[in-house]
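Report on the following structure.
The values are calculated or read from the model by the stated rules, or taken from the named source; none is laboratory data. The structure presented is a predicted model; accordingly, all values stated were derived computationally and were not measured. Cβ sites come from the backbone with ideal geometry, for glycine too, and all protein chains shown count toward neighbours. Just the protein is used for accessible areas: all its heavy atoms, side chains included, with ligands, DNA and RNA removed. Shrake-Rupley method; radii C 1.70, N 1.55, O 1.52, S 1.80 Å.
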Amino acid sequence: MIYLDSNATTRPHPEVVAAILPFLSEFWHNPSSGYRAAKRVRAAIDEARGRVAALIGAEPSEIVFSGCGTEANNMALRWLARWMGADTGHFITSAIEHSAVLRPAEALEADGCGVERCGVDAAGRLDLDAFRSACGAARDAGGGFASVMWANNETGVLQPIAEACEAAKECGLAFHTDAIQAVGKVPVNVRETPVDFLSVSAHKFHGPKGVGALYVRGGTRFEPMIRGGGQEAGRRSGTENVPGIVGMGMAAELMRRQLEADGHAAVRAMRDEFEEALLARIEGTRVNGDRDRRLPGTSHISVEGCEAAGLLILLDEAGIQCSAGSACMTGKQRPSHVQIAMGIPPDRAKSSLRFGFSTFNRPGDVGAAVEALDKAVKKLRSVQGPPGMGPVEVRTL
Ligand code: PLP
(Lines give C-alpha, C1' and ligand atoms only; values in the text may rest on other atoms or scores of the structure.)
Protein backbone atom coordinates (compact mmCIF):
# COMPACT_ATOMS: atom_id res chain seq x y z
CA MET A 1 0.00 0.00 0.00
CA ILE A 2 1.21 3.50 -0.78
CA TYR A 3 -0.26 6.09 1.55
CA LEU A 4 -0.86 9.44 -0.17
CA ASP A 5 -3.53 10.92 2.08
CA SER A 6 -1.44 12.84 4.59
CA ASN A 7 -3.87 15.77 4.72
CA ALA A 8 -6.48 13.42 6.21
CA THR A 9 -4.08 12.10 8.79
CA THR A 10 -0.39 11.25 8.99
CA ARG A 11 1.35 8.07 10.00
CA PRO A 12 2.51 8.36 13.63
CA HIS A 13 6.29 8.63 13.66
CA PRO A 14 8.01 5.58 15.24
CA GLU A 15 9.71 7.92 17.73
CA VAL A 16 6.27 9.25 18.66
CA VAL A 17 4.98 5.72 19.24
CA ALA A 18 8.05 4.90 21.35
CA ALA A 19 7.57 8.07 23.40
CA ILE A 20 3.90 7.27 24.08
CA LEU A 21 4.22 3.64 25.19
CA PRO A 22 5.75 4.20 28.67
CA PHE A 23 2.85 6.53 29.46
CA LEU A 24 0.41 3.68 28.86
CA SER A 25 2.35 1.02 30.74
CA GLU A 26 4.51 2.56 33.44
CA PHE A 27 3.76 6.26 33.93
CA TRP A 28 -0.03 6.09 34.04
CA HIS A 29 -0.55 8.13 37.19
CA ASN A 30 -2.77 11.16 37.43
CA PRO A 31 -0.56 14.20 36.76
CA SER A 32 -2.52 16.19 39.38
CA SER A 33 -1.63 13.77 42.21
CA GLY A 34 1.05 14.66 44.72
CA TYR A 35 3.44 11.66 44.84
CA ARG A 36 6.67 11.35 42.90
CA ALA A 37 5.33 9.04 40.16
CA ALA A 38 2.64 11.59 39.36
CA LYS A 39 5.16 14.40 39.30
CA ARG A 40 7.09 12.47 36.64
CA VAL A 41 3.91 12.45 34.53
CA ARG A 42 3.39 16.18 35.15
CA ALA A 43 6.97 16.85 34.03
CA ALA A 44 6.31 14.98 30.78
CA ILE A 45 3.30 17.20 30.08
CA ASP A 46 5.41 20.28 30.79
CA GLU A 47 8.10 19.08 28.41
CA ALA A 48 5.51 18.43 25.68
CA ARG A 49 4.02 21.90 26.22
CA GLY A 50 7.45 23.42 25.70
CA ARG A 51 7.97 21.44 22.51
CA VAL A 52 4.61 22.42 21.00
CA ALA A 53 5.28 26.04 21.97
CA ALA A 54 8.74 25.94 20.36
CA LEU A 55 7.28 24.65 17.08
CA ILE A 56 5.15 27.81 16.70
CA GLY A 57 7.38 30.35 18.46
CA ALA A 58 5.11 30.62 21.51
CA GLU A 59 5.67 30.56 25.28
CA PRO A 60 4.71 27.27 27.01
CA SER A 61 2.13 29.14 29.11
CA GLU A 62 0.33 30.13 25.90
CA ILE A 63 -0.45 26.49 24.96
CA VAL A 64 -3.75 24.90 26.07
CA PHE A 65 -4.01 21.19 25.23
CA SER A 66 -7.38 20.07 23.87
CA GLY A 67 -9.12 16.88 22.77
CA CYS A 68 -8.50 17.57 19.04
CA GLY A 69 -8.15 20.37 16.52
CA THR A 70 -11.91 20.69 16.18
CA GLU A 71 -12.19 21.33 19.92
CA ALA A 72 -9.46 23.99 19.75
CA ASN A 73 -11.41 25.82 17.01
CA ASN A 74 -14.65 25.58 18.99
CA MET A 75 -12.95 26.79 22.18
CA ALA A 76 -11.64 29.90 20.43
CA LEU A 77 -14.74 30.77 18.42
CA ARG A 78 -17.25 30.11 21.22
CA TRP A 79 -15.22 32.23 23.61
CA LEU A 80 -14.75 35.08 21.13
CA ALA A 81 -18.46 35.13 20.41
CA ARG A 82 -19.25 35.24 24.12
CA TRP A 83 -16.67 37.95 24.73
CA MET A 84 -18.01 40.11 21.90
CA GLY A 85 -21.65 39.39 22.78
CA ALA A 86 -22.99 36.40 20.87
CA ASP A 87 -26.10 38.20 19.62
CA THR A 88 -24.43 41.51 18.73
CA GLY A 89 -20.93 40.52 17.58
CA HIS A 90 -19.71 40.11 14.03
CA PHE A 91 -17.66 37.18 12.84
CA ILE A 92 -15.59 37.45 9.66
CA THR A 93 -14.25 34.26 8.13
CA SER A 94 -13.58 32.70 4.73
CA ALA A 95 -15.79 30.57 2.50
CA ILE A 96 -13.17 27.80 2.38
CA GLU A 97 -12.79 26.94 6.07
CA HIS A 98 -12.90 23.37 7.36
CA SER A 99 -16.21 22.23 8.83
CA ALA A 100 -14.56 22.66 12.25
CA VAL A 101 -14.98 26.43 11.67
CA LEU A 102 -17.96 26.45 9.30
CA ARG A 103 -20.30 24.51 11.63
CA PRO A 104 -19.46 26.61 14.73
CA ALA A 105 -20.03 29.70 12.51
CA GLU A 106 -23.51 28.41 11.67
CA ALA A 107 -24.21 27.87 15.37
CA LEU A 108 -23.07 31.42 16.16
CA GLU A 109 -25.29 32.72 13.38
CA ALA A 110 -28.24 30.88 14.90
CA ASP A 111 -27.44 32.67 18.18
CA GLY A 112 -27.75 36.02 16.41
CA CYS A 113 -24.09 36.72 15.55
CA GLY A 114 -23.53 38.35 12.15
CA VAL A 115 -21.33 36.08 10.03
CA GLU A 116 -19.51 37.19 6.87
CA ARG A 117 -17.82 34.50 4.74
CA CYS A 118 -15.31 36.12 2.40
CA GLY A 119 -14.58 34.56 -0.96
CA VAL A 120 -11.33 33.40 -2.56
CA ASP A 121 -9.81 33.89 -6.02
CA ALA A 122 -9.47 31.15 -8.65
CA ALA A 123 -6.17 30.10 -7.07
CA GLY A 124 -7.92 29.49 -3.74
CA ARG A 125 -6.49 32.51 -1.88
CA LEU A 126 -8.59 34.76 0.34
CA ASP A 127 -9.97 37.91 -1.30
CA LEU A 128 -8.17 40.39 0.94
CA ASP A 129 -10.14 43.42 -0.30
CA ALA A 130 -13.40 41.71 0.66
CA PHE A 131 -11.89 40.67 3.99
CA ARG A 132 -10.66 44.19 4.79
CA SER A 133 -13.99 45.74 3.98
CA ALA A 134 -15.84 43.12 6.07
CA CYS A 135 -13.52 43.88 9.02
CA GLY A 136 -14.18 47.61 8.57
CA ALA A 137 -17.93 47.01 8.49
CA ALA A 138 -17.69 44.90 11.68
CA ARG A 139 -15.74 47.66 13.43
CA ASP A 140 -18.34 50.26 12.37
CA ALA A 141 -21.12 47.98 13.60
CA GLY A 142 -19.66 47.66 17.08
CA GLY A 143 -16.78 45.14 16.81
CA GLY A 144 -16.20 41.46 16.35
CA PHE A 145 -13.61 38.81 15.59
CA ALA A 146 -12.15 37.00 12.60
CA SER A 147 -10.86 33.55 11.72
CA VAL A 148 -8.96 32.52 8.57
CA MET A 149 -7.27 29.17 8.05
CA TRP A 150 -3.49 29.13 7.56
CA ALA A 151 -3.59 26.45 4.85
CA ASN A 152 -6.55 24.87 3.16
CA ASN A 153 -7.08 21.16 3.78
CA GLU A 154 -8.21 20.34 0.23
CA THR A 155 -5.86 22.34 -1.97
CA GLY A 156 -3.04 22.97 0.50
CA VAL A 157 -3.07 26.63 -0.55
CA LEU A 158 -1.50 28.95 2.03
CA GLN A 159 -3.66 31.91 2.95
CA PRO A 160 -2.38 35.50 3.34
CA ILE A 161 -2.47 35.19 7.12
CA ALA A 162 -0.08 38.04 7.95
CA GLU A 163 -2.16 40.48 5.87
CA ALA A 164 -5.48 39.18 7.18
CA CYS A 165 -4.26 39.35 10.79
CA GLU A 166 -3.02 42.91 10.28
CA ALA A 167 -6.31 43.95 8.65
CA ALA A 168 -8.32 42.49 11.54
CA LYS A 169 -6.10 44.12 14.15
CA GLU A 170 -6.31 47.51 12.41
CA CYS A 171 -10.07 47.30 12.83
CA GLY A 172 -9.74 46.24 16.47
CA LEU A 173 -10.92 42.67 15.82
CA ALA A 174 -9.45 39.64 17.61
CA PHE A 175 -7.92 37.15 15.15
CA HIS A 176 -7.97 33.34 15.22
CA THR A 177 -6.39 31.01 12.68
CA ASP A 178 -7.04 27.32 12.11
CA ALA A 179 -3.41 26.35 11.44
CA ILE A 180 -4.15 22.62 11.69
CA GLN A 181 -2.90 21.76 8.18
CA ALA A 182 0.05 24.13 8.33
CA VAL A 183 1.77 23.49 11.66
CA GLY A 184 4.72 21.15 11.27
CA LYS A 185 4.67 21.43 7.47
CA VAL A 186 5.54 25.09 6.92
CA PRO A 187 7.03 27.70 9.29
CA VAL A 188 4.34 29.06 11.62
CA ASN A 189 5.52 31.65 14.12
CA VAL A 190 3.14 33.56 16.38
CA ARG A 191 5.76 36.22 17.16
CA GLU A 192 6.18 37.06 13.48
CA THR A 193 2.47 36.77 12.73
CA PRO A 194 0.78 38.09 15.86
CA VAL A 195 -2.47 36.12 15.86
CA ASP A 196 -4.45 36.04 19.11
CA PHE A 197 -5.57 32.40 18.86
CA LEU A 198 -4.25 29.49 16.78
CA SER A 199 -5.44 25.87 16.55
CA VAL A 200 -3.17 22.84 16.18
CA SER A 201 -3.85 19.10 15.80
CA ALA A 202 -1.21 16.43 16.49
CA HIS A 203 -2.37 13.82 13.98
CA LYS A 204 -1.65 16.14 11.06
CA PHE A 205 2.08 16.14 11.81
CA HIS A 206 2.88 12.52 12.70
CA GLY A 207 1.47 12.68 16.21
CA PRO A 208 -1.46 10.70 17.65
CA LYS A 209 -5.15 11.34 17.01
CA GLY A 210 -7.42 12.84 19.65
CA VAL A 211 -5.10 15.55 20.91
CA GLY A 212 -4.71 19.17 19.84
CA ALA A 213 -3.87 22.54 21.26
CA LEU A 214 -5.08 26.10 21.26
CA TYR A 215 -2.49 28.86 21.35
CA VAL A 216 -3.81 31.82 23.38
CA ARG A 217 -1.59 34.90 23.18
CA GLY A 218 -0.32 35.87 26.64
CA GLY A 219 -2.41 38.62 28.19
CA THR A 220 -5.44 37.83 25.97
CA ARG A 221 -8.70 37.40 27.84
CA PHE A 222 -9.88 33.80 27.64
CA GLU A 223 -12.51 31.82 29.47
CA PRO A 224 -12.92 28.04 29.17
CA MET A 225 -15.52 26.14 27.20
CA ILE A 226 -15.04 23.03 29.38
CA ARG A 227 -15.14 23.63 33.13
CA GLY A 228 -14.29 21.18 35.87
CA GLY A 229 -11.14 20.30 37.79
CA GLY A 230 -9.19 23.30 36.55
CA GLN A 231 -6.51 21.52 34.50
CA GLU A 232 -4.60 23.48 31.86
CA ALA A 233 -4.47 26.47 34.24
CA GLY A 234 -8.26 26.45 34.35
CA ARG A 235 -8.54 26.92 30.59
CA ARG A 236 -9.59 23.35 29.67
CA SER A 237 -10.64 21.01 32.44
CA GLY A 238 -10.44 17.24 32.32
CA THR A 239 -7.70 14.80 33.31
CA GLU A 240 -5.07 15.17 30.64
CA ASN A 241 -4.62 12.71 27.75
CA VAL A 242 -1.05 12.15 28.85
CA PRO A 243 0.03 9.63 26.15
CA GLY A 244 -1.50 11.88 23.48
CA ILE A 245 0.14 15.01 24.84
CA VAL A 246 3.54 13.31 25.14
CA GLY A 247 3.19 12.01 21.56
CA MET A 248 2.21 15.45 20.33
CA GLY A 249 5.26 16.93 22.03
CA MET A 250 7.58 14.42 20.39
CA ALA A 251 5.99 14.99 16.97
CA ALA A 252 6.38 18.76 17.43
CA GLU A 253 10.05 18.34 18.28
CA LEU A 254 10.67 16.15 15.21
CA MET A 255 8.84 18.55 12.90
CA ARG A 256 10.68 21.57 14.32
CA ARG A 257 14.00 19.88 13.59
CA GLN A 258 12.91 18.88 10.08
CA LEU A 259 11.64 22.35 9.25
CA GLU A 260 14.91 23.84 10.43
CA ALA A 261 16.98 21.28 8.54
CA ASP A 262 15.39 21.45 5.08
CA GLY A 263 11.76 22.65 5.24
CA HIS A 264 10.50 19.23 4.00
CA ALA A 265 12.47 19.61 0.76
CA ALA A 266 12.24 15.88 -0.07
CA VAL A 267 8.45 15.90 0.35
CA ARG A 268 8.13 18.94 -1.90
CA ALA A 269 10.39 17.33 -4.52
CA MET A 270 8.25 14.15 -4.61
CA ARG A 271 5.04 16.16 -4.92
CA ASP A 272 6.46 18.31 -7.74
CA GLU A 273 7.81 15.31 -9.63
CA PHE A 274 4.41 13.61 -9.27
CA GLU A 275 2.61 16.60 -10.77
CA GLU A 276 5.08 17.04 -13.63
CA ALA A 277 4.78 13.36 -14.53
CA LEU A 278 0.97 13.42 -14.34
CA LEU A 279 0.59 16.50 -16.47
CA ALA A 280 2.98 15.12 -19.08
CA ARG A 281 1.53 11.62 -19.19
CA ILE A 282 -2.22 11.86 -18.63
CA GLU A 283 -4.23 13.96 -21.02
CA GLY A 284 -6.83 16.26 -19.45
CA THR A 285 -5.21 16.56 -16.00
CA ARG A 286 -4.63 19.84 -14.23
CA VAL A 287 -3.41 21.06 -10.86
CA ASN A 288 -5.86 23.18 -8.88
CA GLY A 289 -4.89 26.08 -6.62
CA ASP A 290 -1.88 28.35 -6.25
CA ARG A 291 1.11 26.15 -7.13
CA ASP A 292 3.71 28.42 -5.52
CA ARG A 293 2.03 29.14 -2.20
CA ARG A 294 1.10 25.66 -1.05
CA LEU A 295 1.91 23.08 1.60
CA PRO A 296 4.93 21.06 0.43
CA GLY A 297 3.14 17.69 0.21
CA THR A 298 -0.33 18.51 -1.10
CA SER A 299 -1.46 18.02 -4.69
CA HIS A 300 -5.03 18.72 -5.76
CA ILE A 301 -5.65 17.61 -9.33
CA SER A 302 -8.58 17.19 -11.71
CA VAL A 303 -8.84 14.49 -14.34
CA GLU A 304 -11.18 15.62 -17.06
CA GLY A 305 -14.17 13.39 -17.56
CA CYS A 306 -13.37 10.85 -14.82
CA GLU A 307 -15.39 10.98 -11.62
CA ALA A 308 -13.24 10.89 -8.51
CA ALA A 309 -15.35 8.10 -6.98
CA GLY A 310 -14.42 5.69 -9.76
CA LEU A 311 -10.77 6.69 -9.71
CA LEU A 312 -10.60 6.19 -5.95
CA ILE A 313 -11.92 2.64 -6.20
CA LEU A 314 -9.44 1.72 -8.93
CA LEU A 315 -6.54 3.41 -7.13
CA ASP A 316 -7.41 1.62 -3.89
CA GLU A 317 -7.41 -1.70 -5.75
CA ALA A 318 -3.97 -0.78 -7.11
CA GLY A 319 -2.73 -0.06 -3.58
CA ILE A 320 -2.81 3.74 -3.69
CA GLN A 321 -4.63 5.48 -0.83
CA CYS A 322 -5.75 9.06 -1.54
CA SER A 323 -8.89 11.19 -1.24
CA ALA A 324 -11.47 13.06 -3.24
CA GLY A 325 -11.72 16.64 -1.99
CA SER A 326 -11.40 16.66 1.79
CA ALA A 327 -11.64 13.50 3.91
CA CYS A 328 -14.88 14.77 5.42
CA MET A 329 -16.48 15.02 1.95
CA THR A 330 -15.48 11.58 0.71
CA GLY A 331 -18.51 9.53 -0.27
CA LYS A 332 -20.64 12.58 -0.96
CA GLN A 333 -21.12 13.07 -4.67
CA ARG A 334 -21.14 16.84 -4.79
CA PRO A 335 -18.43 19.40 -5.35
CA SER A 336 -16.85 20.66 -2.16
CA HIS A 337 -17.51 24.18 -0.89
CA VAL A 338 -13.82 24.96 -1.46
CA GLN A 339 -13.98 24.17 -5.15
CA ILE A 340 -17.28 26.03 -5.52
CA ALA A 341 -15.68 29.09 -3.87
CA MET A 342 -12.74 28.84 -6.33
CA GLY A 343 -15.19 28.85 -9.23
CA ILE A 344 -14.20 25.35 -10.38
CA PRO A 345 -17.01 24.06 -12.64
CA PRO A 346 -19.00 21.16 -11.09
CA ASP A 347 -17.76 18.51 -13.56
CA ARG A 348 -14.13 19.37 -12.90
CA ALA A 349 -14.76 19.54 -9.18
CA LYS A 350 -16.26 16.05 -9.15
CA SER A 351 -13.23 14.73 -10.99
CA SER A 352 -10.70 16.02 -8.49
CA LEU A 353 -8.40 14.04 -6.25
CA ARG A 354 -6.20 15.06 -3.36
CA PHE A 355 -2.80 13.47 -2.85
CA GLY A 356 -0.85 14.15 0.33
CA PHE A 357 2.84 13.23 0.45
CA SER A 358 4.75 13.03 3.70
CA THR A 359 8.18 12.28 5.04
CA PHE A 360 7.28 8.56 5.01
CA ASN A 361 6.88 8.41 1.24
CA ARG A 362 9.74 7.17 -0.86
CA PRO A 363 10.75 8.44 -4.34
CA GLY A 364 9.50 5.16 -5.87
CA ASP A 365 5.97 6.00 -4.68
CA VAL A 366 5.77 8.78 -7.26
CA GLY A 367 6.17 6.50 -10.27
CA ALA A 368 3.86 3.87 -8.81
CA ALA A 369 1.11 6.43 -8.17
CA VAL A 370 1.40 7.95 -11.64
CA GLU A 371 1.32 4.49 -13.22
CA ALA A 372 -1.75 3.48 -11.20
CA LEU A 373 -3.58 6.70 -12.01
CA ASP A 374 -2.76 6.41 -15.70
CA LYS A 375 -4.21 2.87 -15.75
CA ALA A 376 -7.30 3.93 -13.78
CA VAL A 377 -7.95 6.85 -16.11
CA LYS A 378 -7.54 4.63 -19.21
CA LYS A 379 -9.95 2.10 -17.75
CA LEU A 380 -12.62 4.69 -17.00
CA ARG A 381 -12.16 6.39 -20.34
CA SER A 382 -12.38 3.10 -22.22
CA VAL A 383 -15.98 2.74 -21.08
CA GLN A 384 -16.92 6.35 -21.59
CA GLY A 385 -14.76 7.69 -24.42
CA PRO A 386 -12.01 10.33 -24.48
CA PRO A 387 -11.97 13.47 -22.30
CA GLY A 388 -14.85 15.83 -22.98
CA MET A 389 -17.44 13.06 -23.50
CA GLY A 390 -18.99 13.62 -20.04
CA PRO A 391 -18.82 11.78 -16.73
CA VAL A 392 -19.17 8.01 -16.43
CA GLU A 393 -21.59 6.20 -14.12
CA VAL A 394 -18.96 4.60 -11.89
CA ARG A 395 -21.28 2.18 -10.06
CA THR A 396 -21.71 0.08 -13.20
CA LEU A 397 -18.01 -0.85 -13.25
N1 PLP B 1 -9.21 22.09 10.54
C2 PLP B 1 -8.58 21.65 9.45
C3 PLP B 1 -8.06 22.63 8.45
C4 PLP B 1 -8.41 20.28 9.24
O5 PLP B 1 -7.80 19.84 8.13
C6 PLP B 1 -8.90 19.37 10.21
C7 PLP B 1 -8.80 17.92 10.00
O8 PLP B 1 -9.18 17.39 8.97
C9 PLP B 1 -9.53 19.88 11.35
C10 PLP B 1 -9.67 21.25 11.47
C11 PLP B 1 -10.04 18.98 12.43
O12 PLP B 1 -8.97 18.54 13.24
P13 PLP B 1 -9.19 17.25 14.20
O14 PLP B 1 -9.29 16.08 13.28
O15 PLP B 1 -8.00 17.20 15.08
O16 PLP B 1 -10.43 17.50 14.97
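Summary table below
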| read-out | value |
| --- | --- |
| Accessible surface of the chain [probe 1.4 Å, protein heavy atoms]: carbon and sulfur percent | 53 |
| Glu276/Asp87 FRET efficiency (R0 56 Å; Cβ-Cβ; nearest 0.05) | 0.60 |
| Point-to-point label distance, Asn189-Ser133, nm (Cα→Cβ direction, 7 Å offset) | 3.5 |
| Estimated distance in nm for a label pair at Glu59 and Arg334, the labels positioned 7 Å out from Cα along Cα-to-Cβ | 4.7 |
| Peptides 373-382, 301-310, 110-119 ordered by average Cβ neighbours within 10 Å, highest first | 301-310, 373-382, 110-119 |
| For Cys118, distant residues with modelled amide H under 5 Å away | Thr93, Ser94, Ala95 |
| Candidate lysines for bridging to Lys185, where Cα separation is under 25 Å - those fewer than 8 sequence places away on the same chain excluded | Lys204, Lys209 |
| Rg/Rg_ref, segment 264-384, where Rg_ref = 2.2 N^0.38 Å and atoms are Cα | 0.99 |
| Angle between the chain longest axis and helix 161-170 axis [Cα atoms, degrees, rounded to 10] | 50 |
| Taking only Cα atoms of the chain, radius of gyration then Dmax in Å | 21.7, 72 |
| Angle between the chain longest axis and helix 363-384 axis [Cα atoms, degrees, rounded to 10] | 50 |
| Heavy-atom SASA rank of Tyr215, Tyr3, Tyr35 (probe 1.4 Å, accessible area, largest first) | Tyr35, Tyr3, Tyr215 |
| FRET efficiency, 1/(1 + (r/R0)^6) with R0 45 Å, evaluated for Glu26 and Glu106 via beta carbons | 0.50 |
| Solvent-accessible area per residue for segment 14-259 (1.4 angstrom probe, square angstrom) | 37 |
| Segment 1-71 shape via C-alpha gyration tensor axes, a/c threshold 1.5 | oblate |
| Shape of segment 155-222, Cα gyration tensor, a/c cut at 1.5 | oblate |
| Backbone N within segment 358-382 under 17 Å of label point (7 Å from Ala261 Cα along the Cβ vector) | 358-363 |
